[in-house]
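Asker: Here's a structure for you.
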Amino acid sequence: MENIYFDNSATTKIYRAALKKYVEVSENLYENSSALHIGGINAEREIEKSRRIVARSFGASTDEIIFTSGGTEGDNMAILGVAYANSRKGKHIITSSIEHHAVLHTCQHLEKEGFEVTYIKPQKDGKIDPLDVEQAIRHDTILISVMSANNETGVFQPINEIKALCGDIILHTDAVQAYGKMNFSDINADLITVSAHKVHGPKGVGTLYVKKGTKITPVIFGGNQDGILHSGTMNTPAISSFAKAVEIFNANLEKNIVYLKSLRSYMIEKLNSIDDILINGYDAVNVVNVSFKGVRGEVLLHSLESEGIYVSTGSACNSKSTDISYVISSMGVPREFAEGTIRISFSEFNTKEEIDFTVEKIENILNLLRRFKRR
Ligand code: PLP
C-alpha cells in the first residue's frame, strides 16, 4: 500500500490539472500582468478569467475578490484593514479563543496598539455560542472575526447567526477550512478569507472576499496591482492554477461533501470500538479529532508514520509543539485525554480501506503503548 495521507487540513495534494495549468501559464503567460504590451494584456485576461471563476464560487461579483498570498495574508489584511479604517468609531474587537494564529496574533498585535479584544471560548462541542457573541458586543465594537470551520476539529461555526447580531459591526470569517466543504453562496459575512492549498490548489495564493461598501484600508502598499487593497506583481500561474482547482472541486461539491462525511462517520464508528477515547467536536465534514487516554499524541503520530500513515497532532503551524492544543483545552477536554490527541483529516482521494488499515494500526499501537505504561 502507498502512504496514507490523512493530513488534508494541513495541506492537500494539488490536482494534476491545476498543476498542469500552473506550468502552462508559467511558460506561456509569464509576462507582467501590469505591462502594456500584448503579453501583459494576455496575462491580465487570464487573471480576470480566474477571478470570475473564484467569484462565482463565492456567489460574489468580481470586484469583491482580491487575490492574496494565502490565508495568513488574507486574515491580516482583513483584521488590520478594518481596525485601522474604523478606529475613530471604536477600538473593540470580538474574536474566538480557537482562531488560527493568523487571526489571534493579528488581534494580539492590535492590543499592543490600544485596541481591546474579547476572546469568546467555545462550548464543549467546539461551537461558539452566538449568545456569547451578542453579550460581548459593546457600543464601540467595530469588528467580529469568527472562523467558519476550525482547523483542528473541523467544527463549523454559526456564522450566519452571528451576522444576524452584527448590525453595522463588520463581520470577518476565516473560511480557510470551510472552502470546498460547504456551499459558499450560503455564507453571509463582510470579509471572507480562503487559501488555495487547502482545496487541491497551489501554495502561496488565496482570496480575500470584501463585500462592496465594507470600510477597510490597505495595509500593504505599492503599485496597487490588485486594486488599492493589494499591491505586488500578480502571481498569474498560481492564480490560474487556483481557479482550475476551484472549477474542479465546485463541479462535484455536493457529492464530495457527502463522501467526506461518510468517511468521517465510518472512521468514528470504527474508533468507537476502542476503549478510553474521546471524539472532539461534532458538525465537521472531513476531520476526526480524537483523544486517546494515557498516551501521547506525538508518539502515536510517529508510530503511525512508521506504518506509512500521516496524521497530525494539531494544526500544522502548531504541530511541532508538544504542548496541549489551545483549541482542545478551550473545549475543556481533560488533560489525560488532551495529551493523546491526533487530527485525522480526509480529502476526496481517501478511501474506507485506508480507514480500516489505519484503525487496525491504531489498535495495535495503543495495545503496545498502554501495556508498556501499565508495567
Ligand atoms: N486559517 C486557517 C483556519 C488555517 O487552517 C490556515 C492554515 O493552516 C490559515 C489560516 C493560514 O493559511 P495559509 O497557510 O494559506 O497562510
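The values are calculated or read from the model by the stated rules, or taken from the named source; none is laboratory data. What you see is a predicted model; the values in this text were computed from it and never measured. Cβ coordinates were reconstructed from backbone atoms using ideal geometry, including for glycine residues, and neighbour counts include every protein chain displayed. Just the protein is used for accessible areas: all its heavy atoms, side chains included, with ligands, DNA and RNA removed. Shrake-Rupley method; radii C 1.70, N 1.55, O 1.52, S 1.80 Å.
One line per residue, one yes/no per condition, for (1) under 20 Å from K181 (Cβ atoms); (2) part of a loop (DSSP other than H, G, I, E, B); (3) at pLDDT 95 or above; (4) among the charged types (D, E, K, R):
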residue	(1), (2), (3), (4)
L260	yes, no, yes, no
R264	yes, no, yes, yes
I268	yes, no, yes, no
G281	yes, yes, no, no
S291	no, no, yes, no
V295	no, yes, no, no
E307	no, yes, yes, yes
D323	no, yes, no, yes
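Asker: Another one. Name the one entry in V295, V311, V333, V327 that is closer than 18 Å to G154 by Cβ, touching a residue at least 60 places away in the same chain (Cβ under 8 Å), crowded, with 18+ Cβ neighbours inside 10 Å and touching a Lys or Arg at 6+ places or on another chain (Cβ under 9 Å).
Answerer: V311
Asker: Sticking with this one: Among the residues of region 175-198, count how many are within 9 Å of the chain's Cα centre (by Cα) and either open to solvent by 10 Å² or more (accessible area, probe 1.4 Å) or farther than 24 Å from N8 by Cα (or both).
Answerer: 3
Asker: Since K121 meets every condition but one in (1) surrounded by fewer than 21 Cβ atoms within 10 Å (Cβ to Cβ); (2) in contact with a Lys or Arg (Cβ under 8 Å, 6 or more places away or on another chain); (3) closer than 20 Å to A175 by Cα, which condition does it not meet?
Answerer: Result: K121 fails condition (2) only.
Asker: To continue, here is another question. Taking region 199-238 only, how many residues are open to solvent by 30 Å² or more (accessible area, probe 1.4 Å), on the phi < 0 side of the Ramachandran plot, in a loop (DSSP other than H, G, I, E, B) and in contact (Cβ under 8 Å) with a residue 24 or more places away in the chain?
Answerer: Matching residues across region 199-238 total 11.
Asker: Show me the helices (runs of 4 or more DSSP H) found entirely inside region 87-198 where at least 3 residues are within 12 Å of the ligand (Cβ to nearest atom).
Answerer: Answer list for region 87-198: 101-112.
Asker: While we're on this one: Where the second residue is modelled with pLDDT under 95 and the first is outside any helix (DSSP H, G or I) and lies in region 44-57, which pairs have Cβ atoms under 7 Å and are six or more apart or on separate chains?
Answerer: Partner pairs satisfying both residue conditions: none exist.
Asker: Please find, within region 66-86, the residue that is most open to solvent (accessible area, probe 1.4 Å) out of those that are within 16 Å of the ligand (Cβ to nearest atom) and of a type in the set (V, I, T).
Answerer: Step by step, filter region 66-86, then rank; the result is T72.
Asker: If E247 meets every condition in (1) of a type outside the set (A, V, I, L, M, F, W, C); (2) in a loop (DSSP other than H, G, I, E, B); (3) touching a helix residue (DSSP H, G or I) at 6+ places or on another chain (Cβ under 7 Å) apart from one, which number is that one?
Answerer: Unmet for E247, out of (1) of a type outside the set (A, V, I, L, M, F, W, C); (2) in a loop (DSSP other than H, G, I, E, B); (3) touching a helix residue (DSSP H, G or I) at 6+ places or on another chain (Cβ under 7 Å): (2).
Asker: Looking only at residues in region 133-158 that are within 23 Å of the chain's Cα centre (by Cα) and open to solvent by 10 Å² or more (accessible area, probe 1.4 Å), which one is nearest to R343 (Cα to Cα)?
Answerer: Checking each candidate, the answer is F156.
Asker: Across region 26-60, what is the total count of residues that are of a type outside the set (V, I, T) and open to solvent by less than 40 Å² (accessible area, probe 1.4 Å)?
Answerer: Taking region 26-60 first, the residues of a type outside the set (V, I, T) are 26-37, 39-40, 42-46, 48-52, 55-60.
Imposing the further condition that a residue be open to solvent by less than 40 Å² (accessible area, probe 1.4 Å) reduces the set to 29, 33, 35, 39-40, 43, 46, 50-51, 55, 57-58, 60.
Selection size over region 26-60: 13.
Asker: Give region 1-16 a look and list any residue that's of a type in the set (A, V, I, L, M) and away from the ligand (no atom under 15 Å from the Cβ), or say none.
Answerer: Of everything in region 1-16, those that are of a type in the set (A, V, I, L, M) and away from the ligand (no atom under 15 Å from the Cβ) turn out to be M1, I4.
Asker: Here is a check on your reading of the model: is R45 under 22 Å from the mean Cα position of the chain (by Cα) and either farther than 26 Å from D174 by Cα or away from the ligand (no atom under 16 Å from the Cβ) (or both)?
Answerer: No; evaluated as a whole, the condition is false for this residue.
Asker: Turning to a different aspect of this structure: Collect the residues in region 6-22 that are open to solvent by less than 70 Å² (accessible area, probe 1.4 Å) and either farther than 30 Å from N188 by Cα or not in a helix (DSSP H, G or I) (or both), keeping them in residue-number order.
Answerer: If the condition is that a residue be open to solvent by less than 70 Å² (accessible area, probe 1.4 Å) and either farther than 30 Å from N188 by Cα or not in a helix (DSSP H, G or I) (or both), then F6, D7, N8, S9, A10, T11, T12, I14, Y15, A17, K21 are the ones that fit.
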